[in-house]
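> Before anything else, here's the structure in question.
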Amino acid sequence: MLADLLLVGFGNVGRRFVRLLDERRAELQREFDLTWRVTGIATRRHGSIYHASGIDASHAAQLAEAGQQLTTDGEPVAGSDEVIDRLAGSSAPLRVLLETTTLDIAAGQPARDHVSRALRLGCHVATANKGPAAFAYKELSEVARKNSVRFLFEGAVMDGIPIFNLVRETMPTVRVEGFRGVVNSTTNHILTALEDGAEYAPALAEMQAQGIAEADPSLDVDGWDAAAKAAALTNVLLDGHVTPHDVDRTGIGPATAAWARDAKARHARVRLVVSARRGDRPVVKPTELPESDILANLRGMGNALILDTDTLGRLVVSQLDGGLTQTAYALLSDLIAIRRSTAEPATLRPR
């Protein structure tokens, strides 16, 4: 089955995604009867292009990384709305928007509008942006249902580690009552560096150098990224209706260094913990944990989420290595989930 793909946002994650697609091309065709072509790319800084027969996305990634415009690789178009409209007009059996724009903590825009437009026009959506699920999960899910398409966002919380797919696909009838976890790689790296004696500024600069933290890192260290993830988790897993602005949020800063070192001397650890119970307000705050707590033992960019369920008790999902490849893989796994949802059972090769 042929999928026409549109990328709105073409930063580090989007560019890693198109390369991962190339790397897995043979497996996608062999295991899932899935062939694909990138027909459009919309960016804020490098222009927007569309070509019905496909674009050399790997070359487009090279152009973007070199700071060049993409217009040599396709027909220039006005922007994201026009590219989404062009995708909707495709005759391909699958039409999928991959949305990877930067999180806007004020209202989740423009990602919400991108997702909504694509869904309303009958296109499937996979996004690594936390905004749509954190600000408008119920609204967008209803739009997807009415238009018989999928709205997926596995990369929104823990890179490529399955959280939403785990609950949706493998835990039927299980009710999640609450969650607790460490879900921001930048702050966890900083906190573990601080407890080992590092200074705050160099620890943050290392995350910026690796492309994990933004040039303006306030979304991470002020707790907004974690708050957006807490809102998404609450909306999806706990049937909540919150936004990041409803989260009780406290971040970290240079003054956290002394606390982190003192806690380690007392055989404890400071971690930025997200938590919520069904019906309660989500919380993000630095928390001192005993060494026996599984979250206390997460170092560097390690993340973990503990789900409290009615049937299976407490479940822990953890990743020790996060980064661009893992987030790009989440988009790939969502693309495969979309393909599976449209396939006859005999079409897919048993694993």
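Throughout, read-outs are computed from the coordinates displayed, never taken from laboratory work. Since the model is a prediction, treat every value here as computed from it, not as a measurement. Heads up, the Cβs are rebuilt from the backbone with ideal geometry, glycines too, and the neighbour counts pull from every protein chain shown.
> Mind putting together the pair-distance distribution for the stretch 208-285? All Cα pairs, 5 Å bins, whole percent per bin, short to long.
Final binned percentages: 3, 15, 21, 18, 17, 14, 8, 2, 0.
> Follow-up question, since we're still on this one. Want the number for residue 288 to residue 320: 0.36 nm per residue separation, take away the alpha-carbon distance, what's left? The partial results should precede the final answer.
On the way: separation 32, 0.36 × 32 = 11.52 nm, distance 2.04 nm.
Contour length minus the Cα-Cα distance gives 9.5 nm.
> Using a Förster distance of 25 angstrom, determine the FRET efficiency expected from the C-beta separation of residue 107 and residue 199, and round it to 0.05.
On the way: r = 35 Å, r/R0 = 1.41.
The value I calculate is 0.10.
> Kindly rank 57-69, 78-90 from highest to lowest mean number of other beta carbons found within 10 Å of each residue.
Details: 57-69: 16.1, 78-90: 18.5.
In descending order of packing, they fall as 78-90, 57-69.
> Nearest 20 debye, what's the magnitude of the dipole of the stretch 176-321 about its Cα centre given +1 on Lys and Arg Cβ and -1 on Asp and Glu Cβ? Each step should come with its number before you reach the end.
Working: 14 positive and 21 negative charges, 69 e Å.
Value, rounded to 20: 340 debye.
> A further question follows. Taking the chain as the reference, fit the longest principal axis to its C-alpha atoms, fit the long axis of helix 131-146 to the helix C-alpha atoms, and give the angle between the two in degrees, 0 to 90, nearest 10.
It is inclined by approximately 40 degrees.
> Please give the helix 111-120 orientation as an angle from the longest Cα principal axis of the chain, in degrees from 0 to 90, rounded to the nearest 10.
40 degrees
> Additional query: Once you put a point 7 Å from the Cα of residue 297 and another 7 Å from the Cα of residue 206, both along the Cβ direction, what distance in nm separates them?
Modelled inter-label distance: 2.2 nm.
> Using the beta-carbon distance between residue 239 and residue 121 and R0 = 30 Å, what value does 1/(1 + (r/R0)^6) give for FRET efficiency, to the nearest 0.05?
Once the sixth-power term is evaluated, E becomes 0.60.
> With N denoting the number of residues in the chain, provide Rg(C-alpha) divided by 2.2 N^0.38 Å, to two decimal places.
1.00
> Roughly speaking, what is the stretch gain from residue 310 to residue 255, that is 0.36 nm per residue apart minus the C-alpha to C-alpha distance, in nm to one decimal?
Working: separation 55, 0.36 × 55 = 19.80 nm, distance 3.92 nm.
Roughly 15.9 nm would be gained on extension.
> Can you give me the relative contact order of the chain as a percent, contacts being Cα pairs under 8 Å and 6 or more apart?
Over the chain, the number comes to 19 percent.
> Related question: For the ranges 272-285, 197-210, 325-338, what's the packing order if you count other beta-carbon atoms within 10 Å of each residue, average per peptide, and put the highest first?
Numbers: 272-285: 19.9, 197-210: 14.9, 325-338: 21.9.
Most protected by this proxy first, the peptides run 325-338, 272-285, 197-210.
> Stretched out fully, how many nm does the piece from residue 65 to residue 27 gain, at 0.36 nm a residue minus the Cα gap? Can you show the working numbers first?
Numbers: separation 38, 0.36 × 38 = 13.68 nm, distance 2.71 nm.
Going from the current span to full extension adds 11.0 nm.
> When Lys and Arg each count +1 and Asp and Glu each count -1, what net charge do the other residues less than 15 Å away from residue 266, Cβ to Cβ, add up to? Working shown, then result.
On the way: positive: 261, 264, 269, 271; negative: 195, 262, 288, 291, 293.
Neighbourhood net charge equals -1.
> Ratio of alpha-carbon Rg to the 2.2 N^0.38 Å globular estimate for the stretch 176-321, to two decimals, please.
Dividing the Cα radius of gyration by 2.2 N^0.38 Å gives 1.01.
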